[in-house]
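The values are calculated or read from the model by the stated rules, or taken from the named source; none is laboratory data. Note that this is a predicted model, so its numbers are computed, not measured. Every residue, glycine among them, receives a Cβ derived from its backbone with ideal geometry; neighbour counts consider all protein chains shown.
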Amino acid sequence: MSASAPITQDVLTIPRKMPEGPVNLVGLTREGMRDALIAAGTPEKQAKMRVGQIWQWIYHWGARDFDAMTNLSKAYRAELAERFVIAVPEMVKREVSADGTRKYLVRIAGGHEVEVVYIPETDRGTLCISSQVGCTLTCSFCHTGTQKLVRNLTAGEIIGQVMMARDDLGEWPEPGEGMGERPRLISNIVLMGMGEPLYNFENVRDAMKIAMDGEGISLSRRRITLSTSGVVPEIARTAEEIGCMLAVSFHATTDEVRDRLVPINKRWNIETLLEALRAYPKASNSERITFEYVMLKGVNDSDEDARRLVKLIRGIPAKINLIPFNEWPGAPYERSDWERIERFADIVYKAGYASPIRTPRGEDIMAACGQLKSATERARKSRAAIAAEAGLDP
């Protein structure tokens, strides 16, 4: 396979047979919406204008009913209602943590479920969204990785998670409000939920283009972070076609350990991954890359690991997010002792890199990093089975 060949799992995108009926406008790019409107009878000369009008209603005002689109004629609204729908994923359950974190169980086409997490902070509100049902990567420390991949999410199902959360938070502007009058509750999006975003590149790209569009949700590309486990051939595409901030699930400083923690390392090892990352900040105009590093007791948390880490990333504009391991039922690892995490952070910091220790959020509702898994799949495996898959003694 050539380096430029797409390696996304598009065969798994959406139900194998699309249901007949109205087309969902949510998730279509501007070009896709234009084509759909023309195919449904909108005169070609009017199509660009109509896209602009409908786009604002859906993505700025949060409209779900064509009747609300008062700058369109009644006859045209009726035509739209016959041929199209404005549909987002269904919120099945919402849990609220003691720290204010919200976890949503969301149902999509086919009855499948994904999880979405909203994390409120004093200076921002971050929405963690999913890109796949399940995950194909089987990272041994990650609860989501114990759920097999079912399929990719569509662009509509990805951006629909953002719209569903805005519904719940009451973030859509009221009639008469100007742009920017209402405080942003969702100021940041992170693609760190269920799935590997770069194995669903086209749908993730289209959804994020919608999120960044200035006439709708209007988030800066610097407010969007895509987290990958290291799908090397798609990293350059991400810089060119999305240009968002990049985070990498790194977690180890030797191929031997990373092979076990992040099995994709067997395909693209640390050296190959770092080579791709060195080019990313310049290509995407991003300030720096975030290296995510989960702290596992006795596995990757030694002083030697810390020193090896800063040596590996030398020359890459970066910060290191140290993540205390968030335990889940049957997990084959333990969280590093706090003193050990602080010692690791100190070594990294003294080498010149920001090394914040991520405060676990939503642990009481299983909403913390690495804990996401749809409710119907949660806790299916025994500790012994999970440990065996991770190559560990139970």
**Q.** Subset of segment 79-104 [in contact with a Phe, Trp or Tyr (Cβ under 8 Å, 6 or more places away or on another chain) and not in a strand (DSSP E or B)]
**A.** L80, A81, I86, T101
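Modelled with pLDDT of 95 or more and assigned to a loop (DSSP other than H, G, I, E, B): is that true of G27 in this structure? Before the answer, list the steps.
On the way: modelled with pLDDT of 95 or more: yes; assigned to a loop (DSSP other than H, G, I, E, B): yes.
Yes: the conditions hold for G27.
Looking at R237, R223, which is the one that is of a type in the set (K, R) and touching a helix residue (DSSP H, G or I) at 6+ places or on another chain (Cβ under 7 Å)?
Values: R223 fails: touching a helix residue (DSSP H, G or I) at 6+ places or on another chain (Cβ under 7 Å).
When all the criteria are applied, what remains is R237.
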Q: Look at S187 and say whether it is of a type outside the set (A, V, I, L, M, F, W, C), surrounded by fewer than 21 Cβ atoms within 10 Å (Cβ to Cβ) and within 15 Å of the chain's Cα centre (by Cα).
A: yes
Q) Can you spot a residue in segment 259-274 that is basic (K, R), crowded, with 17+ Cβ neighbours inside 10 Å, part of a helix (DSSP H, G or I) and in contact with a Gly (Cβ under 9 Å, 6 or more places away or on another chain)? A) yes
**Q.** Hits in segment 85-97 - residues which are out of contact with any Asp or Glu (no Cβ under 6 Å at 6 or more places or on another chain) and more than 26 Å from D67 (Cβ to Cβ)
**A.** V92, K93, R94, E95, V96
Q) without any contact (Cβ under 8 Å) to a residue 12 or more places away in the chain and closer than 18 Å to T29 by Cβ: does that describe G214? A) yes
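Going by the structure shown, is E334 modelled with pLDDT of 95 or more and exposed (fewer than 15 other Cβ atoms within 10 Å of the Cβ)? Full working, then the answer.
Values: modelled with pLDDT of 95 or more: no; exposed (fewer than 15 other Cβ atoms within 10 Å of the Cβ): yes.
No, not satisfied.
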Q.
I'm checking my understanding of the structure. Among residues of segment 52-92 that are farther than 30 Å from Y118 by Cα and among the hydrophobic types (A, V, I, L, M, F, W, C), which one is surrounded by the most Cβ atoms within 10 Å (Cβ to Cβ)?
A. L80
Q) What tally of residues in segment 275-303 results from selecting those that are buried (at least 19 other Cβ atoms within 10 Å of the Cβ) and either basic (K, R) or more than 21 Å from the chain's Cα centre (by Cα) (or both)? A) 5
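Filter segment 309-331 down to residues that are assigned to a helix (DSSP H, G or I) and surrounded by 15 or more Cβ atoms within 10 Å (Cβ to Cβ), then give me how many there are.
Taking segment 309-331 and keeping what is assigned to a helix (DSSP H, G or I), we get 309-312.
Next, from what is left, pick out any that are surrounded by 15 or more Cβ atoms within 10 Å (Cβ to Cβ): 309-310, 312.
Counting residues in segment 309-331 that are assigned to a helix (DSSP H, G or I) and surrounded by 15 or more Cβ atoms within 10 Å (Cβ to Cβ) gives 3.
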**Q.** Only listed residue being at pLDDT 95 or above, within 19 Å of P89 (Cα to Cα) and out of contact with any His (no Cβ under 6 Å at 6 or more places or on another chain), chosen from V204, V248, V232
**A.** V204
